[in-house]
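Read the structure below first, then the notes.
The values are calculated or read from the model by the stated rules, or taken from the named source; none is laboratory data. Fair warning: this is a prediction, and the values are worked out from it, not measured in the lab. Every residue, glycine among them, receives a Cβ derived from its backbone with ideal geometry; neighbour counts consider all protein chains shown. Each accessible area value is taken on the protein alone, full model and side chains, heavy atoms only, with ligands, DNA and RNA left out. Shrake-Rupley method; radii C 1.70, N 1.55, O 1.52, S 1.80 Å.
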Amino acid sequence: MIYQSSQDWMQDSTKRVLLFGMSGLGKTHLSNMLRDDAGWFHYSIDYRIGTRYMGEYIADNLKRAAMDVPLLRELLLSDSIHILSNITFENLAPLSTYLGKPGNPALGGVAFDEYCARQMQHQEAEKAALLDTESFIHRARELYGYSNFVCDSGGSICEVVDAADPNDPILSALSRNLLLVWIEGTDAHRDALIARFDRAPKPMYYQPEFLLRVWNDYLAEQNVTEDRVNPDAFLRYGYARLLDHRRPRYRAMANWGISVTADEVASVKSPADFDALIATALDRKTT
């Protein structure tokens with residue numbers, strides 16, 4: 001770790017952290033607070049994925065839909081309009097919409113083969129965005145004058161690294177430059193995330209072997225063909241299993257850094273509280 005003690009952390013004038021854990025436990029909340037209240041540079045992995053690495057895929061998908069509308073088709077072909085997504089840190093809907101949900105096209109589903117192709121695009125994009133972190137640390141300091149840096153990682157970070165490999169290229173690069181901080185949820189948090197997801201299922205990235213296993217299980221249990229799958233029903237079916245699949249992967253990643261609880265994160269009200277939280281977690285780790 002780049003910090004060996006709470007003293008190292010508190011005395012450092014160029015703090016650098018990466019937050020990881022399931023979506024909904026406070027990564028972006030903390031990142032926004034550090035950016036807005038303490039002037040930290042906020043590097044969002046999902047934003048980088050949706051703009052730098054998948055922006056063209058997203059725009060082409062929107063154009064494909066527009067080409068089905070005669071008026072928009074004419075305007076596009078005459079170069080009279082431009083169609084671009086408007087991704088922000090708070091609104092990643094264009095990326096989610098492009099990833100889509102597998103199943104019945106009449107219900108907004110995407111053919112499973114196409115869905116898997118988009119998943120692989122996301123996998124490569126996420127790896128690249130994570131490896132871009134080091135260059136953004138330098139850019140933030142040298143170009144914009146930011147001293148402190150927070151990387152707001154996506155919930156799927158644990159799916160694109162191998163925490164058991166001491167030479168994992170992504171984790172090695174990240175740990176050389178930042179303190180990795182796992183936000184760990186309880187069973188109660190898990191249940192709350194599932195209830196929230198059930199109300200509004202959203203597209204997700206899945207580790208390929210896990211996705212195929214869950215997909216085949218769903219087809220067998222529901223006795224349906226791929227083109228008859230209700231997309232939202234499938235996502236609801238797999239979400240709890242996804243949380244359980246990711247938890248040990250996050251825990252293994254925590255060996256590369258430190259962990260804090262989601263309850264501790266919920267009590268953070270200021271950048272000073274955040275500094276104290278990290279200091280406490282470092283003391284837990286190193287004593």
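Kindly work out what percent of the DSSP beta bridges joining two residues of the chain are antiparallel, to the nearest 5. Each step should come with its number before you reach the end.
Working: 0 of 17 bridges.
So the antiparallel bridges amount to about 0 percent of the total.
State the volume of the convex hull built on the alpha-carbon positions of the chain, expressed per residue in Å³ and rounded to an integer. The partial results should precede the final answer.
Details: hull volume 41.6 nm³, N = 287.
Considering the Cα atoms of the chain, their hull volume per residue is 145 Å³.
In nm, give the distance between the simple-model label positions of His138 and Arg236, each being 7 Å from the Cα along the Cα-to-Cβ direction.
Result for the modelled spin labels: 4.9 nm.
Going highest first, how would you order 25-31, 186-192 by mean Cβ packing within 10 Å? Walk me through the intermediate numbers first.
Numbers: 25-31: 21.9, 186-192: 13.0.
Result, highest mean first: 25-31, 186-192.
Counting only protein heavy atoms, what percent of the accessible surface of the chain is carbon or sulfur at a 1.4 Å probe?
Working: 6840 of 13750 Å².
The value for the chain is 50 percent carbon and sulfur by accessible area.
List the GluC sites (Glu not before Pro) within segment 179-274 that fall in a DSSP loop (any state other than H, G, I, E or B) and whose Cβ has at most 16 other Cβ atoms within 10 Å. Please report the intermediate quantities before stating the final value.
Details: sites: Glu184, Glu209, Glu221, Glu226, Glu264; in loops: none.
Listed in order of number, the matching sites amount to none.
Per 0.36 nm of contour for each residue apart, how much would the distance between Thr88 and Asn167 grow if the chain were fully extended, relative to their Cα-Cα spacing?
Details: separation 79, 0.36 × 79 = 28.44 nm, distance 3.33 nm.
Additional length available on full extension: 25.1 nm.
In the structure shown, do any of Lys202/Lys269; Lys15/Lys101; Lys101/Lys127; Lys15/Lys285; Lys27/Lys202; Lys101/Lys269 have a Cα-Cα gap over 27 Å, and if so which?
Correct reply: Lys202/Lys269; Lys15/Lys101; Lys101/Lys269.
I'd like to check one number: the per residue accessible area of the chain, probe 1.4 Å, reported in Å² as a whole number.
Details: 13750 Å² over 287 residues.
Ligands and nucleic acids excluded, the result is 48 Å² per residue.
With label points built 7 Å along Cα→Cβ from the Cα atoms of Ser23 and Ala38, find their separation and express it in nm.
Each label point is offset 7 Å from its Cα along the Cβ direction, giving 2.6 nm.
What distance in nm separates the two pseudo spin-label positions at Asp273 and Ser5, each 7 Å out from Cα along the beta-carbon direction?
2.8
Among Asn177, Asn223, Asn61, which one moves the most in a GNM of the chain with springs linking Cα atoms closer than 10 Å?
Highest fluctuation of the listed residues: Asn223.
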